[in-house]
């Protein structure tokens with residue numbers, strides 16, 4: 001794996017189809033109209049009048065721009081960044097002129113202050129692109145990799161030792177099963193040491209989880225029972241790698257290990273319309289001594305989901321009387337989109 005210091009900050013356009021990006025654009029544009037109205041007014045009544053006049057022009061331009069950029073999102077991301085920025089600025093100028101022209105035709109008035117509106121459109125566009133650029137730098141690959149490595153390091157060292165001991169106990173009695181376990185360990189740690197910044201198919205993530213749980217069952221035996229519900233799982237859906245495995249590790253560590261009784265870890269993955277849902281459940285005891293360890297993994301995963309999917313992804317954790325549940329929702333994104 002490349003060193004963290006070798007990762008350069010990549011300047012990328014935002015995903016204009018992302019709901020969070022769309023909302024941020026509209027909120028920032030609205031905020032700029034408020035600032036412009038404040039600068040042009042001397043009192044409250046003047047501010048309201050100025051803001052309504054500016055918003056009547058700017059908001060239709062913003063909505064049209066969001067829809068147009070969303071439609072051209074895939075094509076824009078194929079261009080070099082500077083070329084894409086220049087094209088976006090030209091598009092915003094064209095949209096501004098068209099909206100002004102259409103408004104003048106509807107109202108039967110002449111186009112006024114075209115230069116001012118054009119300057120406002122260009123300035124707003126550059127401010128927005130600059131904001132998303134800074135946000136990308138704040139969530140840069142180097143920082144993301146550092147957080148990911150911290151999450152990977154949370155796979156407890158004694159899990160490796162316990163797995164090796166479990167395999168050693170099988171070598172003479174069940175050599176074929178021991179060989180399968182060693183293959184699972186090799187696959188698991190190969191993924192852990194790989195560069196995992198890109199999205200991966202959900203089916204691959206689930207297969208990794210099956211291998212991890214198979215290793216845990218070697219040492220826990222009948223105490224660990226897995227209930228899979230993946231008949232409605234979209235295997236081609238993309239998600240950040242190493243999201244489910246740490247959650248299942250927490251489920252085993254906090255829900256199964258503390259008890260001598262058998263426990264069930266439930267995995268339910270399905271999609272509804274354009275969303276993929278992942279629901280994990282495990283036994284829960286309120287008097288447990290190490291539940292606080294969940295928070296680090298959950299916080300890290302929330303950040304990674306936000307990095308890739310912004311406001312379109314969510315992670316909710318709920319502790320009941322006897323059950324702990326984690327519910328992840330992500331958009332249904334495929335590799336060909």
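The values are calculated or read from the model by the stated rules, or taken from the named source; none is laboratory data. Given the structure is predicted, the values throughout are model-derived calculations rather than measurements. Every residue, glycine among them, receives a Cβ derived from its backbone with ideal geometry; neighbour counts consider all protein chains shown.
Go through the residues of segment 207-219 one by one and say whether even a single one is out of contact with any strand residue (DSSP E or B) (no Cβ under 8 Å at 6 or more places or on another chain) and more than 17 Å from residue 246 (Cα to Cα).
yes
Looking at the structure I just gave you, is residue 336 outside any helix (DSSP H, G or I), at pLDDT below 85 and either within 18 Å of residue 268 (Cα to Cα) or not assigned by TED's automatic domain parsing to the domain that holds residue 250 (or both)?
Considered against the rule, which asks whether it is outside any helix (DSSP H, G or I), at pLDDT below 85 and either within 18 Å of residue 268 (Cα to Cα) or not assigned by TED's automatic domain parsing to the domain that holds residue 250 (or both), residue 336 comes out as yes.
If only one of 114, 167 is more than 26 Å from residue 22 (Cβ to Cβ), at pLDDT 75 or above and crowded, with 16+ Cβ neighbours inside 10 Å, which one is it?
Every option except 167 fails the conditions.
Can you name every residue in segment 295-333 that is under 26 Å from residue 264 (Cα atoms), assigned to a helix (DSSP H, G or I) and within 10 Å of the chain's Cα centre (by Cα)?
301, 302
Name the pairs: first residue in segment 181-203 and surrounded by fewer than 15 Cβ atoms within 10 Å (Cβ to Cβ), second residue part of a loop (DSSP other than H, G, I, E, B) and at pLDDT below 80, Cβ to Cβ under 8 Å, at least 6 apart or on different chains?
193/1; 194/1; 195/1; 195/2
Condition first: touching a helix residue (DSSP H, G or I) at 6+ places or on another chain (Cβ under 6 Å) and under 18 Å from residue 130 (Cα atoms). Can you find one or more residues in segment 42-57 that meet it?
no
Tell me the residue from 36, 94, 72, 104 that is at pLDDT 80 or above, farther than 24 Å from residue 312 by Cβ and surrounded by fewer than 17 Cβ atoms within 10 Å (Cβ to Cβ), please.
94
Go through segment 40-59 and count every residue that is in a helix (DSSP H, G or I) and surrounded by fewer than 16 Cβ atoms within 10 Å (Cβ to Cβ).
Here the count works out to 10.
Residues to consider are 236, 227; find the one that is loosely packed, with under 15 Cβ neighbours inside 10 Å and farther than 30 Å from residue 15 by Cα.
Answer to the selection: 227.
Please specify each residue of segment 260-282 satisfying the condition of being surrounded by fewer than 16 Cβ atoms within 10 Å (Cβ to Cβ) and closer than 12 Å to residue 225 by Cβ.
261, 262, 264
Check whether at least one residue in segment 225-241 is in contact with a strand residue (DSSP E or B) (Cβ under 7 Å, 6 or more places away or on another chain) and in a helix (DSSP H, G or I), and report yes or no.
No; the residues of segment 225-241 include none that is in contact with a strand residue (DSSP E or B) (Cβ under 7 Å, 6 or more places away or on another chain) and in a helix (DSSP H, G or I).
Can you tell me which of (1) modelled with pLDDT under 70; (2) exposed (fewer than 14 other Cβ atoms within 10 Å of the Cβ) is the one residue 152 doesn't meet?
(2)
Determine, yes or no, whether residue 146 is modelled with pLDDT under 85 and either loosely packed, with under 13 Cβ neighbours inside 10 Å or more than 22 Å from residue 85 (Cβ to Cβ) (or both).
So residue 146 fits the description; yes.
Is one or more of the residues making up segment 77-91 touching a helix residue (DSSP H, G or I) at 6+ places or on another chain (Cβ under 8 Å), touching a residue at least 24 places away in the same chain (Cβ under 8 Å) and part of a loop (DSSP other than H, G, I, E, B)?
Looking through segment 77-91, at least one residue is touching a helix residue (DSSP H, G or I) at 6+ places or on another chain (Cβ under 8 Å), touching a residue at least 24 places away in the same chain (Cβ under 8 Å) and part of a loop (DSSP other than H, G, I, E, B).
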